[in-house]
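One structure is given below, encoded as structure tokens.
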Amino acid sequence: FLDRVGQQGATVWLIAVTCGVFFAQYVPGSPLVKLGVYDPNLVLEGEVWRLLTAVFLHGGIFHLFFNMLVLYWA
């Protein structure tokens, strides 16, 4: 397995990271949603990471599935 890690494309890694974040956001006590949700007022206050982190948060399993399917096809 580890000999193929470098051979994976960026799309596969994006899907893997996004799925990992999706399942981690449902862990009780996880601050991922609170820290990652897009809020323009907080971005203007300097929390610029919210421009990127909101991409990895998803509202449900079907939202995640169809987004990752389109990402894979693209």
**Fill in**
Per the Kirkwood formula over distinct C-alpha pairs, the hydrodynamic radius of the chain in angstrom is 13.7
**Message:** Compute the helix-to-body angle for 10-24: its Cα long axis versus the longest principal axis of the chain, expressed 0 to 90° and rounded to tens.
**Reply:** 50
**Prompt:** Under a GNM of the chain (C-alpha, springs under 10 Å), which listed residue has the highest mean-square fluctuation: L44, L52, L64?
**Reply:** L44
**Request:** Report, in degrees rounded to the nearest 10, the 0 to 90 angle that the Cα long axis of helix 61-73 makes with the longest principal axis of the chain.
**Result:** 50
**Prompt:** For labels at T11 and V33 in the simple 7 Å Cα→Cβ model, what's the distance in nm?
**Reply:** 3.1
**Request:** Give a residue-ordered list of calculated ³J(HN,Hα) values for the range 45-52 (Karplus: 6.51 cos²θ - 1.76 cosθ + 1.60, θ = phi - 60°; whole Hz; x for Gly, Pro).
**Result:** 7, x, 8, 6, 4, 5, 5, 9
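Show that you can apply the helix-only estimate: for the chain, add -39,500 (n - 2.57) for every DSSP H stretch of four or more residues, divide by all residues, and state [θ] at 222 nm to the nearest 500.
Working: 5 runs with 42 residues, N = 74.
About -15500 deg cm²/dmol.
Since every read-out is calculated from the coordinates, none of them should be taken as a lab result. Keep in mind that what you see is a predicted model, and the values were worked out from it rather than measured. We place every Cβ from the backbone using ideal geometry, glycine too, and count neighbours over all the protein chains shown.
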